[in-house]
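Bear in mind that the values in this text are calculations on the coordinates, not laboratory data. Note that the structure is a prediction, hence the values are computed from the model and not measured. Note: ideal-geometry Cβ built from the backbone for every residue, glycine included; neighbour counts use all protein chains shown.
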Amino acid sequence: MKRISDEYSPVRKSQTVYGSISVNYAFRGEKTIWCESTLERDFLIKQEFNNNVIDIVSQPITIPYITELGNESTYTPDFLVQFSSANCDDFEEIPCPLLIEIKPRKKLIEDWNKLKPKFKAANAFAKEKGWKFKIINESRLYDQYWENINFLKRFRRSHVDVYDEQTLIETLDSLGQSTINQLPAHIFKDKTNILRGIHQVWALVAKRKIMCDLYCPLTAETVIWVNQDDRIVRRF
């Protein structure tokens, strides 16, 4: 599948924004993406964890528009996000790329009249391309998915013994599905190894080798299954 970064690249140079956190974010260790605020950085963190996201380009295009005062101007959305089509047999089910604007809710309310012409132009542009245009603020970004990936951060660097990993995954695969607590109990007999196994299961979830529904609260009874690229296509 052709990646959007083969066709689009940032149209503006990286620049420090006064009063904001401006950084180069190492996305999956594959590419560096410039972000100009904590909201943009957290958006990238969230997409990095989503296996359905296969590519992101920051500030990908410049869109001409007419301001609320009738003047000609241009607008550059924050990101263009591309999703995998690996699990879509029907062409109509393939998730289209999203053109994204990241904006604090307060700014959206305060500057809506000024922003509305920009967003209208971006929506029309995206529609012509077969994309969708989305505006993301704090309420949409910091959801249950965000809470879950922050919980899993503590397990991302946890060591999992190769033999234990193979045993856990093979057992889960044979079961079809299990829960965080039940899977180790199928393998280990003593309490110490069961507790160690539970920690290893969380680590494998954090590394995306074991899957679960990250849009629901994570508990000891969370249902898990082996990652076989049967991913739930859900966004934000």
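Of note:
- Less than 5 angstrom separates the built amide H of residue 63 from those of 75, 76, all sequence-distant by 5 or more or on a different chain.
- Karplus-derived 3J(HN,Hα), 6.51/-1.76/1.60, for each residue of the range 183-188, Hz, glycine and proline x: 4, x, 5, 6, 10, 9
- Residue-wise HN-Hα coupling along the range 139-147, computed from phi with Karplus coefficients 6.51, -1.76, 1.60 (Hz; x: Gly, Pro): 5, 8, 7, 8, 10, 4, 4, 4, 4
- Amide H contacts of residue 83: 54, each under 5 Å away and 5 or more positions distant or on a separate chain (H built 1.01 Å from N in the peptide plane; Pro and chain starts excluded).
- Rounded to 0.05, the FRET efficiency of the residue 116 and residue 156 pair, given R0 = 45 Å and the Cβ-Cβ distance, is 0.65.
- Taking the charge dipole of the chain about its Cα centre, with +1 at Lys and Arg Cβ atoms and -1 at Asp and Glu Cβ atoms, the residue from 99, 84, 53 reaching farthest to the positive side is 99.
- Given +1 at the Cβ of Lys and Arg, -1 at the Cβ of Asp and Glu and no other charges, the dipole of the range 4-142 around its Cα centre is 600 debye to the nearest 20.
- Mean projected area of the Cα convex hull of the range 4-142, taken over all directions, amounts to 9.2 nm².
- Compared with the dominant principal axis of the Cα atoms in the chain, helix 38-49 is inclined by about 40°.
- The range 148-231: GluC sites (Glu not before Pro) in DSSP loop, at most 14 other beta carbons within 10 Å: 221
- Cβ charges +1 (Lys, Arg) and -1 (Asp, Glu), total dipole of the range 155-226, debye: 280
- Principal semi-axes in Å for the range 93-144 [√(5λ), Cα gyration tensor, largest first]: 21, 17, 5
- Overall, the chain carries a charge dipole of about 780 debye about its Cα centre when +1 sits on the Cβ of Lys and Arg and -1 on the Cβ of Asp and Glu, all other atoms neutral.
- Hull-based mean projected area of the range 114-153, where the convex hull spans the alpha carbons, in square nanometres: 4.1
- Projected onto their three principal axes, the Cα atoms of the range 128-196 cover extents of 57, 25, 20 Å, largest first.
- The range 155-226: C-alpha gyration tensor shape, a/c 1.5 cut-off, then a/b vs b/c: rounded
- Table column - 3J(HN,Hα) (Hz), the range 195-206, Karplus curve with 6.51, -1.76, 1.60, x for Gly and Pro: 5, 5, x, 4, 4, 5, 5, 4, 4, 5, 5, 5
- Backbone N under 14 Å from the residue 199 label point (7 Å along Cα→Cβ), restricted to the range 128-165: 154-161
- For residue 133, residues with placed amide H under 5 Å, excluding near neighbours: 99
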